[in-house]
């Protein structure tokens, strides 16, 4: 029985590697052996699809070609290069980790999973990907694509987010990883999940693992992996002040932690039930040390985050008196309209700028 299982694993490995040799995607981070470049790509791919990440990766590497260049760059420059990619904590962690690598590791990434896991922003999957692809170590990976492939291959009928299921999937991934070929095998698994074993209507007829897939044999490929029921996202209304002082408008920077940390925006506040836009905004700006004249409403824009939806209502305001006290913000500046694009801005800000 054990010999049969070993033979099945070898058959799976050979079939997948042969398929990958013919069908692998041509991606910019696969054209280099630079561990830094591979690290940057893996951080970008944590929450972003390949097609979206490719141009960001190329621009980012052009601007910060080495870990030293990234470590020495101001955080604002890093966030600006990341602008529009979302999940900005990735950029902050990448920047901080680069500083640690330069200061504590002479500019070279740790070459083992344990060392990689100590860096900000690197979890178990990212550590395994870097260790296998950059350093050739026999480490498995388990991203969303691999979870989907393994759940179908082995007919895993428990929810993949559960701790016991995660443990099972990691064990399967490690068991399947071939000696001295982890880099190719891991990328093959990811490519298979991205191009063939896709979330809806998987392309089973062209899958190199067709005969080995237990979910397909039971006609359950569209049901696995099990999906959690999504809760409705909460919605919040925000009153946003475009505050003018002569030819300059007020920009505030969010503190480094939390949603959109480190980005710049017009000051805004969430509305309480029954509160008017004008009253909420006037009170918020007063807390910042400003007395303003709240004028007309400019526009309203909608934006959806992963677990939150917002509608930002922008009002034109004129500075009357007072100096800015940062309060809950990291810092504040009065800037010319033409200078806005010099700062890393969230998508909502870009939507609002059109109406100014």
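General remarks:
- Qualifying positions in the range 193-217 - surrounded by 17 or more Cβ atoms within 10 Å (Cβ to Cβ), part of a helix (DSSP H, G or I) and within 25 Å of the chain's Cα centre (by Cα): 193, 194
- Residues that are surrounded by fewer than 18 Cβ atoms within 10 Å (Cβ to Cβ) and in contact with a helix residue (DSSP H, G or I) (Cβ under 8 Å, 6 or more places away or on another chain) within the range 173-183 comprise 175, 178, 181, listed in sequence order.
- For residue 338, the requirement of being loosely packed, with under 12 Cβ neighbours inside 10 Å and within 24 Å of residue 89 (Cα to Cα) is not met.
- Counted residues, the range 265-314 - those being part of a strand (DSSP E or B) and free of Cβ contacts under 8 Å to residues at least 40 places away in the same chain: 9
- Within the range 257-268, being more than 15 Å from residue 312 (Cβ to Cβ) and either at pLDDT 95 or above or surrounded by 15 or more Cβ atoms within 10 Å (Cβ to Cβ) (or both) holds for 261, 262.
- Screening residue 26 on (1) over 19 Å from the mean Cα position of the chain (by Cα); (2) under 16 Å from residue 143 (Cβ atoms); (3) without any contact (Cβ under 8 Å) to a residue 24 or more places away in the chain shows it passes everything except condition (2).
- Residue list for the range 120-136, restricted to those being closer than 22 Å to residue 32 by Cα and surrounded by fewer than 17 Cβ atoms within 10 Å (Cβ to Cβ): 136
- Some residue of the range 277-287 being at positive phi and either modelled with pLDDT of 95 or more or more than 25 Å from the chain's Cα centre (by Cα) (or both): no
- Filter result (over 17 Å from residue 228 (Cα atoms) and surrounded by 19 or more Cβ atoms within 10 Å (Cβ to Cβ)) within the range 144-168: 146, 149, 150, 153
- Qualifying residue in the range 19-40 (condition: part of a helix (DSSP H, G or I), in contact with a helix residue (DSSP H, G or I) (Cβ under 9 Å, 6 or more places away or on another chain) and within 30 Å of residue 252 (Cα to Cα)): yes
The values are calculated or read from the model by the stated rules, or taken from the named source; none is laboratory data. As the structure is a computational prediction, the values presented were derived from the model and not from experiment. Positions of Cβ are generated from backbone atoms using ideal geometry, with glycine treated the same way; all protein chains shown enter the neighbour counts.
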